[in-house]
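Encoded as structure tokens, the structure appears first; notes follow it.
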Amino acid sequence: MCGDKWAGAHFFFPVVKKTDTDKIEVIAGEVARDLSLSLFDLEVAEEGPRTVLRVYLDREGGVSLSEIQSFSRRFGAVLDVEDPVEGPYVLEVSSPGVNRRLRKPGHFALCMGKRIRVTLMEPREGRRHLVGTLAGCDGEGIDIRSEDAEFRIAYGDIRKANLDVTQEELFGKGKKKR
């Protein structure tokens, strides 16, 4: 009689995959250094049944496609041997780009004196989006100086932050029409 009570029941337990993010970051940093590159950022995301590893490489003057390919081959080979990701994974390797995302205190430190764009979790003084010069950063947060105000923002209050490079900065002023 007891067995009949659970006969039609279905139990679903979430599958928890093991991914050693710290180990992946150490390996990526070592491979990057061997190629005279720096590991800018690493993201590990679960997308459906597989894990996606996003690696962002940087270097003064930028990273070439051949350097990204070399890193991908070496890093992929080491991941296959070390096996820090359980199950199938996809490896995506790229440069962080011109308008790179800023997530860690070290990212902000590299952008001191540059223009950044920040989206806040909650509006401050009626603003959710701030654009200005990164005037300071420390272990607690950042200081942004805009044209009309200066803001102190704790890292926990930042939803998203990016370096804000204008087209004019990239390409210079356009030619005048004659």
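The values are calculated or read from the model by the stated rules, or taken from the named source; none is laboratory data. Predicted model, so just to flag it, every value in this text is computed and none were measured. Here the Cβ is made from the backbone with ideal geometry for all residues, glycine too, and neighbour counts use every protein chain on show.
Got a sec? Which of 150, 125 is of a type in the set (D, E, K, R) and out of contact with any Asp or Glu (no Cβ under 9 Å at 6 or more places or on another chain)?
Going through 150, 125 in turn, just one is of a type in the set (D, E, K, R) and out of contact with any Asp or Glu (no Cβ under 9 Å at 6 or more places or on another chain): 125.
Can you report the number of residues in segment 47-86 which are within 22 Å of residue 100 (Cα to Cα), out of contact with any Pro (no Cβ under 7 Å at 6 or more places or on another chain), of a type outside the set (S, T, N, Q) and not in a helix (DSSP H, G or I)?
Counting residues in segment 47-86 that are within 22 Å of residue 100 (Cα to Cα), out of contact with any Pro (no Cβ under 7 Å at 6 or more places or on another chain), of a type outside the set (S, T, N, Q) and not in a helix (DSSP H, G or I) gives 10.
Only one of (1) out of contact with any Lys or Arg (no Cβ under 8 Å at 6 or more places or on another chain); (2) under 15 Å from residue 154 (Cβ atoms) fails for residue 96. Which number is that?
Status for residue 96: all satisfied but (2).
So, in segment 93-114, exactly how many residues are more than 18 Å from the chain's Cα centre (by Cα) and buried (at least 17 other Cβ atoms within 10 Å of the Cβ)?
Adding up the residues that qualify gives 0.
Looking at (1) within 30 Å of residue 79 (Cα to Cα); (2) under 15 Å from the mean Cα position of the chain (by Cα), which one does residue 118 not meet, given that it meets all the others?
(1)
Out of 118, 98, which single residue is in a strand (DSSP E or B) and either modelled with pLDDT of 95 or more or not basic (Lys, Arg) (or both)?
Criteria check complete, one pass: 118.
Of all residues in segment 134-161, count the ones that are surrounded by fewer than 18 Cβ atoms within 10 Å (Cβ to Cβ), in a strand (DSSP E or B) and out of contact with any Cys (no Cβ under 8 Å at 6 or more places or on another chain).
8
Between 85, 90, 63, which is surrounded by 15 or more Cβ atoms within 10 Å (Cβ to Cβ), touching a residue at least 40 places away in the same chain (Cβ under 8 Å) and not assigned by TED's automatic domain parsing to the domain that holds residue 110?
85
With respect to residue 119, determine if the residue is β-branched (Val, Ile, Thr), under 30 Å from residue 59 (Cβ atoms), touching a strand residue (DSSP E or B) at 6+ places or on another chain (Cβ under 7 Å) and surrounded by 14 or more Cβ atoms within 10 Å (Cβ to Cβ).
no
Name, by its number, the condition in (1) at pLDDT 95 or above; (2) part of a helix (DSSP H, G or I) that does not hold for residue 36.
(2) is the only condition that residue 36 fails.
Pick out the one residue from 157, 148, 164, 143 that is over 18 Å from residue 40 (Cβ atoms) and within 19 Å of the chain's Cα centre (by Cα).
None of the others qualify; the one that does is 157.
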